[in-house]
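Each reported figure results from applying straightforward, stated rules to the coordinates on display, with no laboratory input. Worth saying up front: this structure is predicted, and the values here are computed from it rather than measured. All Cβ positions, even for glycine, are placed from backbone atoms using ideal geometry, and neighbour counts span all protein chains on display.
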Amino acid sequence: MSKKKILVLADDIRHFSGVGTQTKYFVESMLRTGKYQFICIGGALKHEDYRPTKFQEWGDDLIVIPVDGYGTAQMIRDLIYVHKIDAIWFMTDPRFWLWLWEIEQEVRPNVPMIYYHVWDNFPAPKFNKKYYMSNDMVVTMSKVSAQIVEEVAPEIPHKYIPLTVDTEIFKPLEEKEYAQFAKQGKTLFFWNNRNARRKMSGTILWWFKEFLDKVGHDKATLWMHTEPKDEHGQDLEHIARTLGLTKEQFIVSNARVLPHDLAKFYNAADCILNISDAEGFGMGTLESLSCGTPIIVNMTGGLQEQVTDGEQWFGVGIEPSSKAVVGSQLVPYIHEDRVSKEDFIAALEKMHNMSRHQRKELGLKGREYVVKNYSLKEFAKKWEETMDKFIEDNGSWDSRKNYNGITFEEIK
């Protein structure tokens, strides 16, 4: 049986972004089945070389084509006809793909489209229905996203496959492997995120200082792994100076590190923080749980399914104290979930007052939960089943099935 050719539109699989990493996991998992070949549009990077790239391990089965942005409509037209693509797989926020859906009636008569989707919060975005209906299948990466697609467009085939983490890289380590990063005798809180407005980076820094005022200035350290002067966020170094935080109280690092080294950071920490006001999933907290380190999170988006399985807790989940409805011209409405300062400081205190053994015990329960529900093995299994059935159900070119570009609507 000949291999099926899949065109992938997403961040470059060599990019360490969350989208790039998840795309890499998907592509490599499917390549290992021996059933598929991939042409990947390498987006979201500024490339020095725009020539198509092959990889020794995969030969002709994997080609990455570097692009600015995520490609163009004409590029997609050319690729599907030249390479006789059997399906298009693409992921992340729908606002990146409006141009693709504009040409779906050119693409889908021959090539089915499968969209890996995330949406952070309710109210259910009914304005997205036209986008969901422009695909042959929508796969959701969080439980919130799954509920939203079911409510907005129940008629479109959809399935929940959560994001994954490599539990063989992100795992508990012997203390000697991360001792250089640990703060002996202090509670080390770690924040690994982009310094952007919705991530609440400045708020965390400000409230952490109030936490230190309460428990003692020599009792804890906040380590933020981010770009302190990101144009989309706040000047964290300026805030730290304003608050009078010392190098023993606040650390910021912005160097890109390999996953194995990032795992050492998670292991050294006593707790990981993420109180974003909107979060599709949150890879930093999932990676930390995989390392056996508990989390403090806002109960929003995908974060809420990480911190508890409905019975056990793997850290502290903070219920939002307010749910403002915000929006823009492209996103008319969505909830913005904010936690209160008092609840956040109380969560820090709760984790701080635990012994290191108690925190590790809590984190190891989280590790078991991650291995069971979010492992790369489970991810690969679900995607193989999904893609096999998707290709069988929809076909392509001469075998194309289940597509009709004509719709009838009653005019009132």
* Asked: By the gyration tensor of its Cα atoms, with a ≥ b ≥ c the square roots of the eigenvalues, what is the shape of region 135-271: rounded for a/c under 1.5, prolate for a/b over b/c, or oblate?
  -> prolate
* Taking the highest mean first, how do the peptides 359-370, 281-292, 387-398 order by number of other beta carbon atoms within 10 angstrom per residue? -> 281-292, 359-370, 387-398
* Structure fact -> In terms of the charge dipole of the chain, which places +1 on Lys and Arg and -1 on Asp and Glu at the beta carbon, the residue among M137, I80, L376 farthest towards the positive end is L376
* Asked: Of K323/K381; K46/K126; K143/K176; K176/K377; K54/K129; K130/K377, which ones are farther than 31 Å apart at the Cα?
  -> K323/K381; K46/K126; K143/K176; K54/K129; K130/K377
* Could you point to the label whose value was computed as Cα extents along the principal axes in Å for the structure here, given [x] 63, 63, 40; [y] 79, 52, 38; [z] 70, 58, 42? => [z]
* Asked: Using modelled amide H (1.01 Å from N, peptide plane; none on Pro or chain starts), what sits under 5 Å from the amide H of V316, excluding residues fewer than 5 places away?
  -> I295, I296, V297
* Tell me, how many Å apart are the Cα centres for region 345-363 and for region 211-252? -> 20
* Asked: Nearest 10 degrees, 0 to 90: what angle lies between the long axis of helix 341-353 and the longest principal axis of the chain (Cα atoms)?
  -> 70
* Once phi is turned into θ = phi - 60°, what whole-Hz ³J(HN,Hα) does the Karplus curve with 6.51, -1.76 and 1.60 give for every residue of region 129-141, x standing for Gly and Pro? -> 4, 4, 6, 4, 6, 8, 10, 8, 7, 10, 10, 9, 9
* Structure fact -> Here the relative contact order (percent) of the chain, from C-alpha pairs under 8 Å and at least 6 apart, is 15
* Centre separation in Å (Cα based) which lies between region 290-334 and region 133-179 -> 14
* Structure fact -> Per-residue ellipticity at 222 nm attributable to helices in the chain (runs of n ≥ 4 DSSP H, -39500 (n - 2.57) apiece, nearest 500 deg cm²/dmol) works out to -10000 deg cm²/dmol
* Asked: What are the residues whose amide H is under 5 Å from the amide H of N192, where those residues sit 5 or more places off or on another chain and H is modelled from the backbone?
  -> H225, L273
* Structure fact -> Whole-Hz Karplus couplings 3J(HN,Hα) for region 181-192, θ = phi - 60° and coefficients 6.51, -1.76, 1.60, Gly and Pro as x, run 9, 6, 9, 4, x, 10, 7, 9, 9, 10, 10, 10
* Structure fact -> Taking Cα pairs closer than 8 Å and at least 6 residues apart, the relative contact order of region 175-373 in percent is 21
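So how strong a dipole does the chain carry about its Cα centre when Lys and Arg Cβ are +1 and Asp and Glu Cβ are -1, to the nearest 20 debye?
Working: 52 positive and 59 negative charges, 82 e Å.
Computed charge dipole of the chain: roughly 400 debye.
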* To do: Taking amide H positions as placed in the peptide plane 1.01 Å from N, state which residues far from F38 in sequence (5 or more) or on other chains have amide H under 5 Å from it.
  => I6, L62, I63
* Asked: What are the ³J(HN,Hα) values, in whole Hz, obtained from phi via the Karplus relation 6.51 cos²θ - 1.76 cosθ + 1.60 with θ = phi - 60°, for each residue of region 368-378 in sequence order, with x given for Gly and Pro?
  -> 4, 5, 5, 4, 6, 10, 10, 5, 4, 4, 5
